[in-house]
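The values are calculated or read from the model by the stated rules, or taken from the named source; none is laboratory data. Predicted, not measured: the structure shown is a model, and the values here were computed from it. For neighbour counting, all protein chains shown are included, and Cβ atoms are generated from backbone atoms with ideal geometry for every residue, glycine included.
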């Protein structure tokens, strides 16, 4: 995945799989942070989207899922910046991936 791409106002589910040299990593006890901002220099307090979670779908096999709701993605269509960071069970923090986050214009705007 080189860019996260969504349509404004859509629900979106994500699955993350953590591996080292092709082998799943046990992520039990990890906290994952996902942040979307207008600019990489913005402070977290003005982030467009902030998600963090500690419950994983299959932690011993390195699998974690999260969702963005249609309310969270009801933002101005534009190109943003995003990243994933983890705080491991030993307290170490690591930025895993920095990606463009693109919000496309949707066509249907009436409440459905």
Return the residue satisfying two criteria in turn: it lies in the range 97-108 and is assigned to a loop (DSSP other than H, G, I, E, B) and in contact (Cβ under 8 Å) with a residue 40 or more places away in the chain, and of such residues it is surrounded by the fewest Cβ atoms within 10 Å (Cβ to Cβ). 105
Hey, could you check the range 1-27 for residues that are surrounded by fewer than 10 Cβ atoms within 10 Å (Cβ to Cβ) and outside any strand (DSSP E or B) and say which is modelled with the lowest pLDDT? 1
Residue identified as modelled with pLDDT under 95, on the phi < 0 side of the Ramachandran plot and either crowded, with 16+ Cβ neighbours inside 10 Å or over 14 Å from the mean Cα position of the chain (by Cα) (or both) among 112, 48: 112
Of the residues 73, 65, 35, which is touching a strand residue (DSSP E or B) at 6+ places or on another chain (Cβ under 7 Å), surrounded by 12 or more Cβ atoms within 10 Å (Cβ to Cβ) and in a loop (DSSP other than H, G, I, E, B)? 73
Residues within the range 82-96 that are assigned to a strand (DSSP E or B) and surrounded by 12 or more Cβ atoms within 10 Å (Cβ to Cβ), tallied: 7
So which residues in the range 47-62 are in contact with a strand residue (DSSP E or B) (Cβ under 9 Å, 6 or more places away or on another chain), outside any strand (DSSP E or B) and more than 17 Å from residue 100 (Cα to Cα)? 54, 55, 56, 57, 60, 61, 62
